[in-house]
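Since every read-out is calculated from the coordinates, none of them should be taken as a lab result. Given the structure is predicted, the values throughout are model-derived calculations rather than measurements. Backbone-built Cβ (ideal geometry, glycine too); neighbour counts: all protein chains shown.
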Amino acid sequence: MLLAGVLVAVAAAACNAAGSVLQRAASRRHDPTSGWRRGLLALLRRPAWTAGIAAHFVGFLLQAVALTLTLITVVQPVLVVELPFTLLLGALLLGAPLGRRAWLAVAAMAGGVVVFLACLRPQGGGPQSASTAAWLIGTAVVVVVLVVLTVLGRAGRGRERALWFGTAAGVTYGFNAALLAGLAPAYADGLSGVLSAWQTYGVLVGGTVSFLFLQQALQAHDLLWAQPGITLANPVVAVVWGLTVFGERLAVDVRLLGLAVGVIAIVVGTVVLSRIEEEVDGG
């Protein structure tokens, strides 16, 4: 089940990457002075942008499937490969060739994910073991973090605005993953079970909020600062949620060193690829 969950998560990352590339292509002629609401309405009339939304929706469904196959601490870190996928697809569809630095960064991220997963091996826990109090406390913490990031984003301009709203989008993605994982036990009862679970409505709200955060981050027109927050906050929140609210456990041994090496490789690769991505978008 672990391998199946990882493969489905990789497919979800590929769909998300396709959606991002399509949305970037549609946003190339966007006027940043028009305001994000008017800009969003203009983008809705562009087929490439709506196709990107459809690709993201498929990625969302695949992520939900992956979370039924393995633990959240495994699925969410895999999704960081969305960034190199985005750059590779951008090179193919947007005519932005990759240089040596990009390929090295892609290799670093891929290697980091492999090392991280090989050393992770979480045990026990899961959404079924989370108490109502744990859900409430975890949700309250996420809401407080998002409120702070929203205030910082609205007060910021340019790079700062992209950084804070990008991080808020990543935090919401991680929380949405926790909600999807919490839905997994309800699938056994079919549609009635899903509709009766509160997490279903939390996902609807969280999906809408993450969409709004993402649009504001992308329309800040400084992906150099937005993308690291979008990419890295997601697995960080999900892993912390899995280890605290869901009670998943990590073995305290030499594998922790491997986890650290994997995380460093992922972070370095993400930052380097984000800079390359900004150069590509900027032409």
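Taking the longest Cα principal axis of the chain as reference, the axis of helix 47-69 is set at about 20 degrees. Net charge dipole, the stretch 2-281: roughly 560 debye, given to the nearest 20, about the Cα centre with Cβ charges of +1 for Lys and Arg and -1 for Asp and Glu.
For the chain, the longest principal axis of the Cα atoms and the long axis of helix 223-244 meet at an angle of about 0 degrees. Counting other Cβ atoms within 10 Å as a rough exposure proxy, the listed residues 103, 135 run 103, 135 from fewest neighbours to most. Which of 19, 60, 239 sits closest to the plus end of the dipole of the chain, meaning its Cα is farthest towards the positive end, when Lys and Arg get +1 and Asp and Glu get -1 on the C-beta? Checked the options; the winner is 19.
GNM on the chain, alpha-carbon springs under 10 angstrom: the most fluctuating residue among 18, 107, 188 is 188. In plain terms, the chain from residue 195 to residue 48 could stretch by 49.7 nm, reckoned as 0.36 nm per residue minus the Cα-Cα distance. Of 174, 125, 166, the residue with the greatest mean-square motion in the GNM of the chain, using alpha carbon springs below 10 Å, is 125. Only Cα pairs under 8 Å and 6+ residues apart enter the sum, and on that basis the relative contact order of the chain stands at 27 percent.
Ordered by the number of other Cβ atoms lying within 10 Å of each residue's own Cβ, fewest first, 266, 230, 53 fall into the sequence 53, 266, 230. The long axis of helix 2-27 is offset from the longest Cα principal axis of the chain by roughly 20 degrees.
Dipole check for the stretch 109-249: with +1 at the C-beta of Lys and Arg, -1 at the C-beta of Asp and Glu, and the Cα centre as origin, the magnitude is about 260 Debye.
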